[in-house]
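Worksheet for the structure shown next.
Coordinate-derived values only; no laboratory data. On a predicted model such as this, the values are computed, not experimentally measured, just so you know. Neighbour counts are summed over all protein chains in view; Cβ atoms, including those assigned to glycine, are modelled from backbone coordinates with ideal geometry.
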Amino acid sequence: MTKTVLITGGNTGLGFESARRLKAAGFEVYITSRSEEKGAKAAAQLAVHYLVMDVTDEKSVELAAEQFGKKAAKLDVLINNAGIPGEMRAIKEVDAALMERVFNTNVFGIVRTTQAFLPYLEKAATPIIVNVSSGVGSFSKQTDPKTLESKVISPAYAASKAAVSMLTLQYAKALPNMRVNAVDPGPTNTGGNFKRGAQNPSEGTDAIFKMATLSKDGPTGTFVDRNGILGW
Ligand SMILES: NC(=O)c1ccc[n+]([C@@H]2O[C@H](COP(=O)([O-])OP(=O)(O)OC[C@H]3O[C@@H](n4cnc5c(N)ncnc54)[C@H](OP(=O)(O)O)[C@@H]3O)[C@@H](O)[C@H]2O)c1
């Protein structure tokens, strides 16, 4: 039976490339985009379905889930990919408004989306959730001076991704019948907000692809990159 995957922020970057790869692997793919125009364009390019959804807007997420339910009976894989870096600021300029904005997309967006799509995931035989976190949010990487991530000072983004990792662990414990994992794509040049990475988008989606295609006895409650297990 064909598996269905929904990818948030699928109109560009890692979400777009994940959609391309999963479609090629035989999935029925739904991308979501906060812009109708960008969503329609990307979906036409990939020959996949699209839904308009802004993860910061409760009503928009509920409407997208409702529309999904009219087209699909179940959701096998949810990829919470949509994310923003927030602008880099001197520490004195880091305020609660910046934190709120970044958390609203990167963390609360995952909660809104997961809550809205859980009823469809529960109908799948092997439900999978992939949360796209970041090595920048890893305590292990941030405290290891040998890593690139330890050089990054971006409190809003780093704290939001650390929260994504803990959310992942909590969902994994609460949903033992699902495979729920966090991934670090690794520094990837996706052209837009994240253009300083050395990897290409295909390399950047290796971990997402691997965790989206797990079998029933695959790991849950882990944090991985394309080379394997990462320290939280
Ligand atoms: N690239 C890297 O080096 C890297 C490394 C580690 C982790 N990550 C993570 O990987 C994920 C994807 O990154 P990327 O490099 O592909 O970034 P990107 O090219 O900037 O794409 C981000 C996607 O998220 C969407 N998005 C942003 N805010 C949204 C909202 N409120 N509602 C719905 N969609 C929203 C964007 O939509 P618009 O096109 O409308 O802006 C876009 O589709 C992010 O979570 C990022 O933190 C990236």
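Could you give the Stokes-Einstein D for the range 1-140 in µm² per second, using the C-alpha Kirkwood radius, 25 °C, 0.890 mPa s?
Details: Rh = 15.5 Å.
Translational diffusion coefficient: 158 µm²/s.
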Legend entry - 22 Å Cα-Cα reach of LYS161 towards lysines, excluding residues that sit fewer than 8 places from it in its own chain: LYS92, LYS141, LYS146, LYS151, LYS173, LYS195, LYS210
Legend entry - Distance between the range 23-50 and the range 127-150 - C-alpha centres, whole angstrom: 28
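Using a 10 Å cut-off on Cβ atoms, rank the peptides 155-165, 81-91 from the highest mean neighbour count down.
Working: 155-165: 21.6, 81-91: 17.6.
Peptide ranking by packing, descending: 155-165, 81-91.
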Inset, instruction - Specify whether the C-alpha gyration tensor of the range 143-214 places it in the rounded, prolate or oblate class, a ≥ b ≥ c being the square roots of the eigenvalues: rounded for a/c under 1.5, otherwise prolate if a/b is larger than b/c and oblate if not. - result: oblate
Legend entry - Exposure proxy ranking, count of Cβ atoms within 10 Å, fewest first, for ASP57, ASP206, ASP217, ASP76: ASP217, ASP57, ASP206, ASP76
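What is the order of ARG20, ARG179, fewest Cβ neighbours within 10 Å to most?
Details: ARG20 21, ARG179 24.
Lowest count first: ARG20, ARG179.
Would you mind counting up the charge near LEU46? Only other residues with Cβ under 13 Å from its Cβ, with Lys and Arg at +1 and Asp and Glu at -1.
With Lys, Arg at +1 and Asp, Glu at -1, the net is +3.
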Inset, instruction - Apply the membrane-span-like helix rule to the chain: whole DSSP H runs, Cα extent along the own long axis of at least 27 Å, mean Kyte-Doolittle hydropathy at least -1.0. List the helices found. - result: 155-174
Inset, instruction - Might you report the magnitude of the Cβ-based charge dipole of the range 66-121 about its Cα centre, with Lys and Arg at +1 and Asp and Glu at -1, to the nearest 20 debye? - result: 220
Inset, instruction - Once you have the Cα-Cα distance between LEU148 and ALA90, take 0.36 nm times their residue separation minus that, and quote the gain in nm to one decimal. - result: 19.0 nm
